[in-house]
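A quick write-up on the structure given underneath.
The values are calculated or read from the model by the stated rules, or taken from the named source; none is laboratory data. Just so we're clear, the structure is a prediction, and the values are computed from it rather than from any experiment. Counting neighbours? That spans all protein chains shown, and the Cβs are built from the backbone with ideal geometry, glycine included. Protein only, heavy atoms only, side chains kept; ligands, DNA and RNA dropped before computing areas. Shrake-Rupley method; radii C 1.70, N 1.55, O 1.52, S 1.80 Å.
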Amino acid sequence: MASVSRGDCKLSVSSSKDPELCLSWCISKLHTKSDKSQMDLDKRARMAQWRALVAIRTHHIKGHRSSISRFRREGGLGPLLELLKQSDCDRKTLDLGLSILGNCCTERETCAQVRKLDGINIIVDVMKRQVALVSVQNRAARALGNLALDPESSALIHAAGGVPLLLLCVSQSTSSFSPSSPHSSSSSSTAPSSPSSPATPDSTTTSTTTSTSSTRPSSPLLESNPGLECAQSAARALLYLCDSSSHRLALLSHGTFSSLAPLVVPEFPSALRRAALRALHELTRGCGVKCARQVARSGILPQLGALANGEEEEEEDKEMEELALKTLANVCAQGCLRPLVGSLGVIQRFCDEVKKDALKSGVFLKALCLCCKEAVNRAKVKDSGGLELLTGFIASHQDHPLSRLAIGACVDFVFDEVAMERLLELGLVAVLVVRLVRLCEGSYLPPADVPKDCMDFFDFPAPEEKKGALCSSSFLSLRSWLLSEGLISSEGDLLDSSSTPESDWSGLHLSSASTTTAAPAAPAPSCSHKPPSKFKLGSPHRGKHRVSVLKFTLETPPPSACRSASYHPYHPEPWTPESPILLLLSRFSHVPDPSAALVNTAVMSGLLLYLTSHPDPSARCFRLLLRLSENPNCLQAMVRSGAAAMIQYRLCGRREEREEREEREEQRQSPRVKAKVQQLGLSLLTNLQLQCEGAFGAGVLSHLLLTGSESDRLHSALCLPLLTSNKTLLKKLLLGSGGLQFALQPLGGDTHSNQTTPPQDESPQCPLRALYLPLLAGCLSALTKPCVRTGFTSTNAVCSLSSPATKKPRLSSPSCHYSAAAFDLSFLLDDGETLSANRDAVSGDQTSSEYFQALLNGGFGEATSKGSIPIKEVSSAMLAPVLHYLHGCRFNAAATDKCQMLDSFADGVMSENDRLEETRLGNAMIGACRFLVADLQKELEDVCVSSLAYGWNRVERDICKDISEKVSTQTLDFDEKTQESPDAKPQKRKCADSASSENFVNSGWILARLPQMYWFSQRYSYSNLRYTCLAILLGAPISQSQVADALRSLVQEADCIQMLKLDLVQLVTEALSCKGNVSC
C-alpha cells in the first residue's frame, strides 16, 4: 500500500499499481493540453482522468474538511473549473466534477477561492448548456446552494442569472412526476458510468452532499426519481438565496413563490416538501406587496393552514408544522391576507406559541398583534386568550420593541366594550401609565422590526385610497368577512373582471406605500340579507352628555397637517409614541365610573408629568382630565388620591426656579404651551370646586376626613383648602375634627430629604411622601394667604408701622437716663469690660428684670459683694441695652429724652450679610431674654417685626409687578404678535424674565433668613416673631417649591417641631377667623 503524508506523495513499492492514492497525480491528470481538445485524447488518457476524478471524490476530499483544504492548497480547484468550463465536456465528467465542486464548497475558504476563479459563472454556464440533464442540474444546484451560504456568493449568483435556471430545475423536475407512478424516471437521469464499464452505476449519485442543514434519511421516492431530488436541491439553493430583502424581491419578481408553492402538497415526498416550505418561509419574511400578490394567487394558504393545525395524520414531522405556522405568521404583515389567515384557525396556535415563551415567539406575537387590526380576527384573538397575553407581555417586557406593537394591538379593541372591560380588569391602565412615565423620562423605544405597510388596516383604507376609491363604504367593510367565510378566494373576486385586467391589483388595498390606480367600481352584490356582525365600528357609548362646567378651548392642528405625519383611523391627531397610551386611557375614561382605574396617585402623577414635561402635550390628555374632573363619580377618588393638590402644584403653581434650570439645559415647553397647561390646571380645580360647593361635595369631604384611612385623611386635608372656600366647613373639618393636625403629623419625619420627584416605590401610608412638603405648602398658603398679606397691619400694633421709625432732626443732643444715673454697682464681663449701673434701678421694686431682682436681693453672694459682679457668657452688646432700659431709657420717648443706643435699633434695616444673632438688634434681643426684661423684649420684637415686614413688603410689590408683566407678555393675542417684528416679543419676554428673576434673587436672602429667624425666635421666646416669619413665608407670592424648601429648612433649624406645628395651627386659626373681605 502507498502512504500519503501532508500532501506529499510517498509511494512504496506497490505505488505504481495504485497511483490514484497520490493527490498530486490526480490533480495532474485534470489538466488538459491546450493544443488538443478532449475528443482528441486517447482512451487511455480519458481513463486516467476518470480514475483521478473518482479518487478525488471518494478518497481525497472525503471525511474531515481538512482534506478539502488540502485539495485547495494543492491547486486542484483551478484545473477542476477549467475542466467544467469546456463546452464539449461529456455528461459523466460533468456529474463527477460538479459533485466534487459541490463538496468542496462546504468550506468557507474554498468558496472564496471559487469566487475568485469565476466558478459561479462557470456553474451557471454548465446549467445553461445542459438543461436536459437532470443529474447535471441536480449537482449544479447543490453547488450553488453551498455557495449561496456566503452573502457575497449569493449576490454573484443573482447577478449571474442563476435564479431562473434554478426555477427551471423545479418546474422541469416536477412536471414529469405522477403520483400514480412515483417510481418513473427519465432516461436522461441515468447515473454516470465509467468508460470501461458503461452499465456500472456511479456510486457518487447516491452520496449526500455535506451542507449546513441537518442530515435526514433520504426518501425512497427521491432515490428512485432523480427529478424530485433535483427539485429539492434547487429549493435548497433558493432558500439560501433569500438572504436579504432585495434578493427576496428579486426572487419574487421571477415567480419563485408560485413555482415552489405546488411542492407543499402531500403527494410529494416529505423531504422535498420540507425544502420547499423552508424556502417559502424565508420568502415571506418581511412580507410585502409582491409577496402578498403571489401568496393570494397561489392558493397555498389552506394547505399551510392544514399543516400548521396538524390535520394531516400521516405527517409526523413537527418541523413542517412549525414552518407552516411561521409562514402564516409572516404573511400576516399584509392586511389583505390577515382575514384569510384568521379563517384557517391558526390564531389559537399563535396564542399557544406565545404562552410557551413570549420572547422566543416574537414572530407569533407580532402576527397576533397584527391580526387585531381586522374585526373578524379580533373576535378570535379575544376568544383565544390574546388579551391576557398582550397585557402580560406589556407588563413584563417594557423595554422590548414589540411592547409598542402590543399596545397598538390593544388600541384596536377600543370599540369593543367587552374587550375593554377585560383589559381594565387585567390592569392595563397601570401598565400604560408606567410606559407613559418612561416615555416622559426619555426612555424611547424604536418601533419593532415591522414594515410600515404592516400597520395598515384592511377594514380602513389609507387616506389617498379613500379619496380615489369608487367602492361604497359597506363594500369596503365587508371584505374581511367575505374572505374569512370563504365566500371569495381573493380580493380580485370582488372586482369587475370585464373592466379590470387579471393582473390589475389596484382594487386590492395592500399598503399605503404602493402606488396603484383606483379600480373601476364593482357593482354591489345584490343580497337580500347582510351577514351578522358582532362588533360595530362606531363611537363608544358615552351616555348622556354633560355640559362642561367651564369652557376650555384647545387648539388642535388641522387634520390634513396631522395625517401628513402619520395616520390612524381611530386618532385624528399625529400618531406619536404616547398616542396609543392616551387613546386607551381616554377610552377607559368614558365608562360611567372610571375612578377605580384612572383616579389614583400613580395614574394622576403620570398624566401630570406628561403634561409638564412633553414639549407639546396632546389635546387628548387635556380632554381626559377635564372629563374626569366633571364626573361626580370621580370626586371622592380625586380627593382621596391627593389629585387636587397635585394639580395645584404641577399645573397651577409657578415653578420659576425649576423652569429656569430646565431652560438652561433644554427648552422643553414654549411659553404658550405652559400657559395652556396652567389654564388646564385652573379649569380642573374650578370643576372640582364647583362640585365641592354643593351638599354632595361637602358630604364627600366630611366622609373622607372623618372616617377615611390614614392616607385618605392626609390627602383630603391637603386638598380641602383648594376645593372649598366655606370657612365654616374648613373650621369644622380642619380645626374641630383635627384634620389640620393630621396633615401636619408627617412634618419632621423624612421631610428633610431633598427629593423633588416622586419615587418609584412609594409607601402605602403616604404615597406622596416625596411631594408632601410642596403639597403642604400649597395647603397652608391657600388657608392663610387671604389674611396674612394684610396681617402686618392688623395683627398687632407694631406691624402698623409702614416703615421703620426714623429719627427727627434735633436742635440739641438728646439726654440719656442711663448717662445721668448715679452708679454704685458694676458688672464684669468675660472680656474684662466693666459696665456700671445703679442698684436701685436694676433691682428695685419698679424694675422689670426678675433676673437682677433675684441676683441682688436674694440670698446670693452677689447681693453683698463690694466689687464688680461677674456676668458669664454675656457681651456688652447684650447687657448695655438692658441697663439703658432699666435706667429709664425708652424707644417712644420725646425727642429731647431719647436714648441714642435704643434709638439706633428703631431705624435699623435687615441686612442680607449677617445672621440675626450677629447683629446689634439680635444681641439686644438675646440680652433682654437672658435678663428677663419682658417689656424690652416686647419693644425689641416689635422693632424686628416692623423692619422685617417693611423689607418684605417692598420686595413683594416688585415681585407681583414683574409677575403680572411676565404673564401679560406670555399671553399676548395672536393679532398683536403678528403686528410686532419677529424679534420684538422674544426680547420683551426675555426682559420680563430677567427682571422677575432679579427680584426673586433679591428676595432670596429674606427667604433664606426666615428659617434662622424662626429658630432664633424659638430659642429666645419671641412668639410674635415666630408668627411673622410663618406669615411672610406662607403669604409670599413665590412658588410652592420655594415654600417647601423653606419649610424643610424650618424643620431642620427648629428646636421644637411640636411648637412649629402649634404655630402653624394658630396661624390657620387666625386666618379662618378673619372677618370681612381682606384682599391684597
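Numerical summary
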item	result
Single residue of 381, 434, 429 found to be open to solvent by 20 Å² or more (accessible area, probe 1.4 Å) and in a helix (DSSP H, G or I)	434
Filtered residues of segment 603-658 (kept if of a type in the set (A, V, I, L, M, F, W, C), open to solvent by 10 Å² or more (accessible area, probe 1.4 Å) and more than 15 Å from residue 691 (Cα to Cα))	609, 619, 652
Of residues in segment 941-964 being at pLDDT below 70 and of a type in the set (Asp, Glu), the one most open to solvent (accessible area, probe 1.4 Å)	958
Matching residues in segment 925-940 - criterion: being assigned to a helix (DSSP H, G or I) and either touching a His at 6+ places or on another chain (Cβ under 7 Å) or open to solvent by 10 Å² or more (accessible area, probe 1.4 Å) (or both)	926, 929, 930, 934, 935, 937, 938, 939
Residue within segment 131-150 that is open to solvent by 60 Å² or more (accessible area, probe 1.4 Å), closer than 13 Å to residue 165 by Cα and not in a loop (DSSP other than H, G, I, E, B) present	no
Selection from segment 400-425 of residues that are within 21 Å of residue 370 (Cβ to Cβ) and surrounded by fewer than 17 Cβ atoms within 10 Å (Cβ to Cβ)	401, 422
The listed residue being of a type in the set (Lys, Arg) and closer than 24 Å to residue 376 by Cβ, out of 285, 297	297
Subset of segment 237-272 that is in a loop (DSSP other than H, G, I, E, B) and in contact with a Leu (Cβ under 8 Å, 6 or more places away or on another chain) - its residue that is most open to solvent (accessible area, probe 1.4 Å)	254
Index of the failed condition, residue 671 passing every other in (1) modelled with pLDDT under 90; (2) within 22 Å of residue 722 (Cβ to Cβ)	(2)
Condition broken by residue 284, with the remaining ones in (1) open to solvent by 20 Å² or more (accessible area, probe 1.4 Å); (2) of a type in the set (Ser, Thr, Tyr); (3) within 41 Å of the chain's Cα centre (by Cα) satisfied	(1)
Candidates 820, 837, 895 - the one that is open to solvent by 40 Å² or more (accessible area, probe 1.4 Å) and at pLDDT 75 or above	820
First in segment 100-113 and on the phi > 0 side of the Ramachandran plot and touching a residue at least 12 places away in the same chain (Cβ under 8 Å), second anywhere and part of a helix (DSSP H, G or I) and among the charged types (D, E, K, R), Cβ under 9 Å, 6 or more apart	none
Residue in segment 609-620 that is out of contact with any helix residue (DSSP H, G or I) (no Cβ under 9 Å at 6 or more places or on another chain) and at pLDDT below 90 present	no
Unmet criterion (only one of (1) open to solvent by 10 Å² or more (accessible area, probe 1.4 Å); (2) over 35 Å from the mean Cα position of the chain (by Cα); (3) not charged (D, E, K, R)) for residue 722	(2)
Residue match in segment 100-120 (condition: at pLDDT 90 or above, hydroxyl-bearing (Ser, Thr, Tyr) and open to solvent by less than 10 Å² (accessible area, probe 1.4 Å))	yes
Qualifying positions in segment 66-103 - polar (S, T, N, Q) and closer than 15 Å to residue 129 by Cα	86, 87, 93
Top-ranked residue of segment 730-751 - restricted to ones that are crowded, with 16+ Cβ neighbours inside 10 Å and farther than 16 Å from residue 702 by Cβ, ranked as modelled with the lowest pLDDT	751
Pairs with Cβ under 9 Å, 6+ apart, first in segment 137-151 and closer than 11 Å to residue 98 by Cβ, second of a type in the set (A, V, I, L, M) and assigned to a loop (DSSP other than H, G, I, E, B)	137/131; 144/241
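Residues are listed down the side, and each one gets a yes or a no for (1) under 14 Å from residue 878 (Cβ atoms); (2) within 60 Å of the chain's Cα centre (by Cα); (3) not in a strand (DSSP E or B):
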position	(1), (2), (3)
827	yes, no, no
832	no, no, yes
836	no, no, no
841	no, no, yes
847	no, no, yes
851	yes, no, yes
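Yes/no matrix, rows are residues, columns are (1) in a helix (DSSP H, G or I); (2) open to solvent by 60 Å² or more (accessible area, probe 1.4 Å); (3) at pLDDT 90 or above:
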{"position": "1", "(1), (2), (3)": "no, yes, no"}
{"position": "27", "(1), (2), (3)": "yes, no, no"}
{"position": "36", "(1), (2), (3)": "no, yes, no"}
{"position": "50", "(1), (2), (3)": "yes, no, no"}
{"position": "55", "(1), (2), (3)": "yes, no, no"}
{"position": "63", "(1), (2), (3)": "no, yes, no"}
{"position": "89", "(1), (2), (3)": "no, no, no"}
